[in-house]
1. Look at residue 63 and say whether it is in a loop (DSSP other than H, G, I, E, B), at pLDDT below 95 and surrounded by fewer than 15 Cβ atoms within 10 Å (Cβ to Cβ).
2. I'd like to know if segment 246-258 contains one or more residues that are surrounded by fewer than 20 Cβ atoms within 10 Å (Cβ to Cβ), at pLDDT below 90 and part of a helix (DSSP H, G or I).
3. For segment 76-96, which positions are buried (at least 22 other Cβ atoms within 10 Å of the Cβ) and either over 29 Å from residue 269 (Cβ atoms) or under 15 Å from the mean Cα position of the chain (by Cα) (or both)?
4. Identify the single condition in (1) touching a helix residue (DSSP H, G or I) at 6+ places or on another chain (Cβ under 6 Å); (2) at pLDDT below 90 that residue 232 does not satisfy, given that it satisfies every other one.
5. Just to be sure I understand the filter: pairs with C-beta atoms under 6 Å, separated by 6 or more residues or on different chains, first member in segment 205-224 and surrounded by fewer than 19 Cβ atoms within 10 Å (Cβ to Cβ), second member at pLDDT 90 or above. Which pairs pass?
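The values are calculated or read from the model by the stated rules, or taken from the named source; none is laboratory data. It should be emphasised that the depicted structure is a prediction, and the values quoted were computed from it without experimental measurement. Cβ placement follows ideal geometry from the backbone for every residue including glycine, while neighbour counts extend to all protein chains displayed.
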């Protein structure tokens, strides 16, 4: 799922200079009008990622005794290993990294990907102010889930790197969420699990799956009504659903589509 706003500035630009001006850090920080930013950080989804606000995660004793918490350091190491495995072995992740590199926005694993403890409603996100992808170590616990998070968030990074999206604009946010769901998530199986599948109209089922996923993502990170989110998704859907760059195809589950997309990358000028 997508999180905030901008990605790495191109070439010689300082990424923090061009990043969105939404607050990061202490949730009780005050803005220039003297008002608390706590509601603003919640509105933009920062409350789902406590370490993004400068807080140190503290497990509860009750959950430690039940074996539910207290293994954060081990989880972080496992998460980082899964990230490294995906970077070396996942065709989609390698394709996205090559597309970002060719667009002037290369990724350094030590700088741009962070494994952290998150709210249990999310598996990952993108923080444009720190210019980092967040992989939720307590939720994305295997290579397949980490691959999904990395591919999804790298699509958001690619969108801003090439199109200078403003994620403070709900239409821009809806568009990139549609693209991420379209290219990284929705297969017939996932559509069926969401209740959007139909054996009689597979194309429509896939579109419904993408709309459902995009709607959930917009509502998760923006404090808007469901009606506002639906209207934004519907406004931009035709154009954004048709945009398959840089993967070039919708990935079917248990198919060679990932490898085909990776092999076709150089045809579109991507350095992979």
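1. On the way: in a loop (DSSP other than H, G, I, E, B): no; at pLDDT below 95: yes; surrounded by fewer than 15 Cβ atoms within 10 Å (Cβ to Cβ): yes.
Against the criterion (in a loop (DSSP other than H, G, I, E, B), at pLDDT below 95 and surrounded by fewer than 15 Cβ atoms within 10 Å (Cβ to Cβ)), residue 63 does not qualify.
2. Yes, segment 246-258 contains a residue that is surrounded by fewer than 20 Cβ atoms within 10 Å (Cβ to Cβ), at pLDDT below 90 and part of a helix (DSSP H, G or I).
3. Matches in segment 76-96: 79, 82, 83, 92, 93, 96.
4. (2)
5. 219/229
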